[in-house]
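The values are calculated or read from the model by the stated rules, or taken from the named source; none is laboratory data. Values in this document were obtained by computation on a predicted structure and should not be read as measured data. FYI the Cβ positions are ideal-geometry reconstructions off the backbone, even for glycines, and counts take in every protein chain you see. The accessibility values were calculated without ligands, DNA or RNA, using every heavy atom of the protein model including side chains. Shrake-Rupley method; radii C 1.70, N 1.55, O 1.52, S 1.80 Å.
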Amino acid sequence: MVLGRFASGTREDARAAIAAARKAYESVWRDLPWKERIAFVRKIAANIEKRRFEISALMSMEVGKNRLEAMGDVQETADLMTYYCDQVEEHKGYELPMQRLSDKEDNRDVLRPYGVWVVISPFNFPMALAGGPSSGALLGGNTVVFKPATDTPLTGWELAECVRAAGLPDGVFNYVTGPGSTVGDELVVNPGVDGILFTGSREVGFDIQRKFSQAYPRPCIAEMGGKNPAIVGASADLDVATDGVMKSAFGLQGQKCSACSRVYVHKKIAKAFTDMLVQKTRKIAVGDPLKKENWLGPVINRAAYDKYAKFVEIGRRDGTILAGGEPLTGGEHAHGFYVQPTIIGSLPKDHLLSREEMFLPITCLWEIDSVDEGLDLGNRSEYGLTAGFFSADEAEIKKFLDRIEAGVVYINRRAGATTGAWPGVNPFGGWKGSGSSGKASGGPYYVAQFMREQSRTRIKG
């Protein structure tokens, strides 16, 4: 189904967007009082809420998200914007009086904008991971050049329309589409860009970091992938644990940086846990995500579909397919890249599938002798985004919290062992290879990343 036709932008398009952003920054946005910037961003959030059902439906068609996930993405975008506005208000525009060395001094610490920020968003959360960062940059006094993922230009356009309807001055927010090899590369190497926020794969994020700083260091916020473990202790509630793992492993077809792709289960309960998880997984309805009875839609594109076949074949060769493992074709699955949610067992603990982010509805199970072993295996990763733990033992829970190397952790969470976050409730950001800034979206330190500190001393005459 053709949803729209979008420009395959060039380097010149990217340069024009950067120039427009620079002009608007210097002539209008930089000097606008912070309270007025907040008023504009609140209008954007209100526009998104007003159109949330329409945008959610378009997102379901473009991305393959089910109805609940699409609604959550759109509403989260508005809530992120509102939360960030609240944070700027709470910090009074990030201007703080400092101590004095004499009565004649007035010392202040102020956070000031950088200038032009680029926001490059991913396909899986095409509103929240575009609108959230963009609003943080705007509230910090910066202008924005926004490039949506190649697979999701329509949802990106809807965000741009909500911004336009809020009446922001021309050039403050600029929407540009096109391949990473032209538009994306120009946004990274162009010296007219002062900061960049990228959400996507670790490989691309590291490449952007290497290229971005040239004449001097420039802020690069890279929010990257995950290889997220869930550890299930011997005292876990199996019904809660299997629900939590299933929802995090397969929600949005496993296409989340927080997806649960590794499960370490204590050997005392491994068989019972596995049987229950397999039973629940086989009942998942896969089909048109616009129909409320379907929980899983298609994967995003042909490349993801082919990767699924490759990883399943590796799992079949080196382990055991416990559930799924097949593409879905014909009938209601004839139009779209539909696959079965898949569980793989009996793999070596150092196997490729324990290390590589798949971004697909595939999870792997391993038996462990102890929680200590689970923690060791869970931390044996270049990533450190999310992690989950299921146990009734308070000493084990404390050990998990003290030792797990992840930015977002969940204990006994049925709604998702490793996934799910909300602005002001669960700040979301990764450690190690999962994130570059050490600060989390939806958290109290987020907006400050888009600003730089200036110490001001004034001597009174």
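Tabulated results
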{"item": "Of all residues in the range 267-303 being closer than 20 Å to Ser235 by Cα and free of Cβ contacts under 8 Å to residues at least 12 places away in the same chain, the one that is least open to solvent (accessible area, probe 1.4 Å)", "result": "Asp275"}
{"item": "Meets criteria (open to solvent by 10 Å² or more (accessible area, probe 1.4 Å), touching a His at 6+ places or on another chain (Cβ under 7 Å) and within 28 Å of Glu382 (Cβ to Cβ)) for Asp306", "result": "no"}
{"item": "Qualifying positions in the range 177-196 - among the charged types (D, E, K, R) and open to solvent by 20 Å² or more (accessible area, probe 1.4 Å)", "result": "Asp185, Asp194"}
{"item": "Lone qualifier among Phe53, Phe40 - being hydrophobic (A, V, I, L, M, F, W, C), surrounded by 14 or more Cβ atoms within 10 Å (Cβ to Cβ), part of a helix (DSSP H, G or I) and over 20 Å from the mean Cα position of the chain (by Cα)", "result": "Phe40"}
{"item": "Leu68 in contact with a strand residue (DSSP E or B) (Cβ under 8 Å, 6 or more places away or on another chain), open to solvent by 70 Å² or more (accessible area, probe 1.4 Å), modelled with pLDDT of 95 or more and of a type outside the set (Val, Ile, Thr)", "result": "no"}
{"item": "Matching residues, the range 205-230, being among the hydrophobic types (A, V, I, L, M, F, W, C) and assigned to a loop (DSSP other than H, G, I, E, B)", "result": "Ala215, Met224"}
{"item": "Residues that are in a loop (DSSP other than H, G, I, E, B), open to solvent by less than 20 Å² (accessible area, probe 1.4 Å) and within 16 Å of Ile221 (Cα to Cα), drawn from the range 112-131", "result": "Gly115, Ser121, Pro122"}
{"item": "Among residues of the range 132-161, those that are assigned to a helix (DSSP H, G or I), more than 27 Å from Lys92 (Cβ to Cβ) and not charged (D, E, K, R), counted", "result": "7"}
{"item": "Number of the exception - Asp318 against (1) open to solvent by less than 60 Å² (accessible area, probe 1.4 Å); (2) in contact (Cβ under 8 Å) with a residue 60 or more places away in the chain", "result": "(2)"}
{"item": "Hits in the range 397-419 - residues which are open to solvent by 20 Å² or more (accessible area, probe 1.4 Å), in contact with a helix residue (DSSP H, G or I) (Cβ under 8 Å, 6 or more places away or on another chain), at negative phi and not hydrophobic (A, V, I, L, M, F, W, C)", "result": "Lys399, Arg403, Glu405, Arg413, Arg414"}
{"item": "Residue count for the range 197-225, restricted to those that are in contact (Cβ under 8 Å) with a residue 24 or more places away in the chain, among the polar types (S, T, N, Q) and open to solvent by less than 60 Å² (accessible area, probe 1.4 Å)", "result": "2"}
{"item": "Any hit, the range 247-257, residues being open to solvent by 10 Å² or more (accessible area, probe 1.4 Å), among the small types (Gly, Ala, Ser) and either modelled with pLDDT of 95 or more or farther than 17 Å from Thr418 by Cα (or both)", "result": "no"}
{"item": "Residue selected from the range 159-176 under the condition open to solvent by less than 20 Å² (accessible area, probe 1.4 Å) and in contact with a Lys or Arg (Cβ under 8 Å, 6 or more places away or on another chain), by the criterion farthest from Phe125 (Cα to Cα)", "result": "Gly171"}
{"item": "Residues being surrounded by 15 or more Cβ atoms within 10 Å (Cβ to Cβ) and either charged (D, E, K, R) or in a helix (DSSP H, G or I) (or both) - total across the range 87-111", "result": "2"}
{"item": "Members of the range 121-168 that are farther than 24 Å from Gln87 by Cβ and in contact with a Cys (Cβ under 9 Å, 6 or more places away or on another chain)", "result": "Asn124"}
{"item": "Any hit, the range 439-455, residues being within 14 Å of the chain's Cα centre (by Cα) and polar (S, T, N, Q)", "result": "yes"}
{"item": "Odd one out for Phe359 among (1) surrounded by fewer than 17 Cβ atoms within 10 Å (Cβ to Cβ); (2) aromatic (Phe, Trp, Tyr); (3) on the phi > 0 side of the Ramachandran plot", "result": "(1)"}
{"item": "Selection within the range 381-396 - touching a residue at least 12 places away in the same chain (Cβ under 8 Å) and open to solvent by 20 Å² or more (accessible area, probe 1.4 Å)", "result": "Ser381, Glu382, Tyr383, Ala392, Asp393, Glu396"}
{"item": "Pairs with Cβ under 9 Å, 6+ apart, first in the range 141-156 and at pLDDT 95 or above, second in a loop (DSSP other than H, G, I, E, B) and basic (Lys, Arg)", "result": "Gly141/Arg30; Asn142/Arg30; Thr143/Arg30"}
